[in-house]
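Heads up, the thing below is written out as structure tokens.
The values are calculated or read from the model by the stated rules, or taken from the named source; none is laboratory data. Just so you know, these numbers come straight off a predicted model, no measurement behind them. No Cβ is skipped: glycine too gets one built from the backbone with ideal geometry, and neighbour counts run over all protein chains shown.
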Amino acid sequence: MRAAVVTSYDEPPHYRDVPEPRAGGEHDLVVDVLAAGLHPRVRMQADGSHYTSAREHLPLVPGIDGVGRAPGGDLWYFLGGAPGSMAERAVIDTRRGIALPETADPVAVAATLNCAIASWLALRRRITFARGSTVMVVGATGGTGRMAVRVAHHLGAGRVIAVGRDAARLAAIPGATGTALLGDPAGLTRAGRDVDVVLDFLWGPPAVATMAALLAGRDPGAGPLTWINLGEMAGAEAAVPAGLLRSSRLRLIGSGQGSLTGAETAAEVPAVAALIADGTFAVPASPVPLRDVERTWTRPADSRSRIVFLPGA
Ligand SMILES: NC(=O)c1ccc[n+]([C@@H]2O[C@H](COP(=O)([O-])OP(=O)(O)OC[C@H]3O[C@@H](n4cnc5c(N)ncnc54)[C@H](OP(=O)(O)O)[C@@H]3O)[C@@H](O)[C@H]2O)c1
């Protein structure tokens with residue numbers, strides 16, 4: 001069968017022949033992959049920069065989730081999949097997936113589920129999220145950030161403030177009750193005075209500058225500020241001053257593979273899939289045949305829509 005294959009972390013994946021996957025375990029199912037999203041996490045898998053990359057070996061077939069059709073005709077969303085989801089067929093573990101309604105749009109699910117479940121898991125599994133809380137989304141103009149605004153409202157946030165580097169894109173985010181620009185400390189302080197939880201997709205220097213601006217404007221008697229890191233679009237490292245931690249009630253945690261178990265993630269998939277099926281959550285998608293993987297990969301990334309590869313097209 002044909003698949004995207006990473007042979008070097010310095011090159012985009014190539015469209016190549018790979019061995020057919022074989023089901024082995026009692027929960028295994030071989031599916032024809034219909035759609036697989038090109039998420040930032042998959043780009044990191046393919047260039048070796050993700051924190052799980054030390055456990056991977058080349059060559060590898062990229063892709064961390066997808067939608068496939070089982071031999072009986074059922075449609076499945078799956079996490080993982082072997083050899084990877086960017087292949088014509090994959091073995092899936094049915095405990096890490098869900099059978100979708102026949103009416104589900106494979107491209108919409110492949111584009112949206114990874115984006116929506118990120119903040120869903122952070123708020124439902126990494127903290128005890130109180131209804132009415134104020135949430136700030138840092139990196140709100142991307143697929144996962146825009147979805148975080150929706151998810152926070154859906155889970156009961158009182159206010160959701162969107163933060164990013166592009167004023168026009170920020171203004172167009174549905175559901176944001178306030179906005180602030182990165183690099184505008186006074187604006188961040190004003191907008192973030194009563195923030196309870198930050199969902200941070202950027203890390204790097206913008207995250208530290210935003211933390212400092214929020215804490216500068218905080219009432220000393222205010223409750224804790226819980227900062228949840230989910231991504232690193234602006235840098236893998238951030239120099240957080242020790243004084244910022246000691247002088248405030250800042251709580252710094254992360255949410256992702258490792259801080260969440262596979263079982264916790266799988267348990268939340270059905271609820272998120274149902275909200276995609278009924279149109280509550282949607283990320284704009286750009287479908288592309290998988291055979292075009294090499295030239296599509298090198299196209300500049302655009303945070304306004306999610307590339308979805310179609311192995312069967
Ligand atoms: N932990 C989890 O569970 C989980 C799940 C899914 C995704 N993620 C992570 O979340 C992050 C965002 O994913 P996404 O799907 O939203 O990506 P995306 O759709 O490609 O959007 C990227 C976002 O990052 C912003 N950005 C990129 N470089 C920046 C910089 N140097 N300074 C400031 N802003 C910058 C973009 O701003 P513009 O719009 O202005 O370009 C946009 O808001 C990634 O690191 C991804 O790996 C984590």
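Details
- For region 237-270, a residue qualifies if it is of a type in the set (A, V, I, L, M) and over 16 Å from the mean Cα position of the chain (by Cα), and the qualifying residues are A238, A239, V240, A242, L244, L245, L250, L252, I253, A263, A267.
- Residue match in region 102-111 (condition: hydroxyl-bearing (S, T, Y) and in a loop (DSSP other than H, G, I, E, B)): yes
- Scan of region 174-193 for residues that are crowded, with 21+ Cβ neighbours inside 10 Å and in a helix (DSSP H, G or I), ordered by number: L188, A191
- Residue check for D196: among the charged types (D, E, K, R), outside the structural domain of G158 (by TED's automatic domain parsing) and under 24 Å from I173 (Cα atoms): no
- The helices (runs of 4 or more DSSP H) found wholly in region 194-313 and carrying at least 1 residues that are within 15 Å of the ligand (Cβ to nearest atom) occupy 204-216, 262-277, 293-297.
- Scanning region 258-284 for residues that are under 25 Å from G204 (Cβ atoms) and either small (G, A, S) or out of contact with any helix residue (DSSP H, G or I) (no Cβ under 8 Å at 6 or more places or on another chain) (or both) yields G258, S259.
- Only one of A313, A266 that is in contact with a strand residue (DSSP E or B) (Cβ under 8 Å, 6 or more places away or on another chain) and surrounded by 13 or more Cβ atoms within 10 Å (Cβ to Cβ): A266
- Residues located in region 191-205, provided they are over 18 Å from the mean Cα position of the chain (by Cα) and farther than 25 Å from G158 by Cα: P205
- When the residues of region 102-126 are filtered to those that are of a type in the set (V, I, T) and away from the ligand (no atom under 14 Å from the Cβ), the one that is surrounded by the most Cβ atoms within 10 Å (Cβ to Cβ) is V109.
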